[in-house]
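Comments concern the structure below.
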């Protein structure tokens, strides 16, 4: 394996969805990074975009840095050392995520990727996620004039010992499970209404939903809908189960809980949260996790009352000064 400086390693630039081989390389690298760091380096939505048919040339920009083998063509080196992905929004802002393979850290790989990104796209309108907020990420952000702008907490509940409160449904509201082929558009409308001010969740499209339905983890039995007597969706709790990975046991997730504005103030959010956690407990899961914005005081307070504790933090970085 070559030990040349990363400044001389080739950067492959791809716009739009990745082909199958490159997507496999990305997944291999992200799995190695997650095993080393305890956090996935790319968000789920980014992975959806990387493989999605609707990832147009101007919606996703990926950079892959290859460390060439001694005996290989430098232009087609086989060892993927680092990746950077920018997912663009329609208003031309973007979100960056970056990962370096554990075998190639502390060699300038991240700086090389950011330099290539600066030359291709620039940093205008760009924010960056650090999943787990590792010290190296904070230092790199500071070097480029970025500082913390948003915190996303990861919270955890030991499900085997959690005693959940009684939380009945409001009058005229019942629970049922999501029916594939029937509930997609109704749920999307309810989701848009419930998360109209949320930067990621509220913009979910039918293609995003179909991509998640195609994942191995999708289980409609864990996708709970609260409906009124007319069948209108008032709220939902979509749960997720992360399978066992090596020594790490399977863990449940409060994937997303939402209540439409018309049903606010009825206690439906708490009832849905408890119902979903009980569904996960029935599967004998060791623990349940969730993500919540640190400044969402009402949600944090609810989760803390249910027994959740802060486990880890993702930080979004943005420019400290406007250009």
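The values are calculated or read from the model by the stated rules, or taken from the named source; none is laboratory data. Predicted, not measured: the structure shown is a model, and the values here were computed from it. Glycine gets a Cβ as well: all are built from the backbone with ideal geometry, and neighbour counts include every protein chain shown.
Tell me, which residue of the range 273-298 that is part of a helix (DSSP H, G or I) and without any contact (Cβ under 8 Å) to a residue 24 or more places away in the chain is farthest from residue 219 (Cα to Cα)?
Filtering the range 273-298 for residues that are part of a helix (DSSP H, G or I) and without any contact (Cβ under 8 Å) to a residue 24 or more places away in the chain, the one farthest from residue 219 (Cα to Cα) comes out as 297.
If you go through the range 241-259 one residue at a time, do you hit one that is part of a helix (DSSP H, G or I) and either without any contact (Cβ under 8 Å) to a residue 60 or more places away in the chain or more than 21 Å from residue 132 (Cβ to Cβ) (or both)? Before you say what the answer is, go through the steps one by one.
Filtering the range 241-259 for residues part of a helix (DSSP H, G or I) gives none.
No, every residue in the range 241-259 fails to be part of a helix (DSSP H, G or I) and either without any contact (Cβ under 8 Å) to a residue 60 or more places away in the chain or more than 21 Å from residue 132 (Cβ to Cβ) (or both).
Could you say whether any residue in the range 128-138 is within 25 Å of residue 297 (Cβ to Cβ), assigned to a loop (DSSP other than H, G, I, E, B), in the same structural domain as residue 37 (by TED's automatic domain parsing) and out of contact with any helix residue (DSSP H, G or I) (no Cβ under 6 Å at 6 or more places or on another chain)?
yes
Listed residues 122, 181, 168; which is in the same structural domain as residue 91 (by TED's automatic domain parsing) and either outside any helix (DSSP H, G or I) or modelled with pLDDT of 90 or more (or both)?
122
Matching residues to (1) within 26 Å of residue 185 (Cα to Cα); (2) buried (at least 22 other Cβ atoms within 10 Å of the Cβ); (3) assigned by TED's automatic domain parsing to the domain that holds residue 163:
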residue: 266; (1), (2), (3): yes, no, yes
residue: 269; (1), (2), (3): yes, yes, yes
residue: 278; (1), (2), (3): no, no, yes
residue: 289; (1), (2), (3): no, no, yes
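I need a count of the residues in the range 116-125 that are under 15 Å from residue 63 (Cα atoms) and buried (at least 16 other Cβ atoms within 10 Å of the Cβ).
Total satisfying the criteria: 4.
Out of (1) part of a helix (DSSP H, G or I); (2) closer than 18 Å to residue 312 by Cα; (3) at pLDDT 90 or above, what's the single condition that is false for residue 36?
(3)
Identify, from the list 89, 55, the residue that is within 26 Å of residue 291 (Cα to Cα), outside the structural domain of residue 294 (by TED's automatic domain parsing), at pLDDT below 90 and surrounded by 15 or more Cβ atoms within 10 Å (Cβ to Cβ).
55
If only one of 211, 142, 189, 207 is modelled with pLDDT of 95 or more and either under 18 Å from the mean Cα position of the chain (by Cα) or part of a helix (DSSP H, G or I) (or both), which one is it?
On the way: 211 fails: modelled with pLDDT of 95 or more; 142 fails: modelled with pLDDT of 95 or more; 207 fails: modelled with pLDDT of 95 or more.
On inspection, the qualifying residue turns out to be 189.
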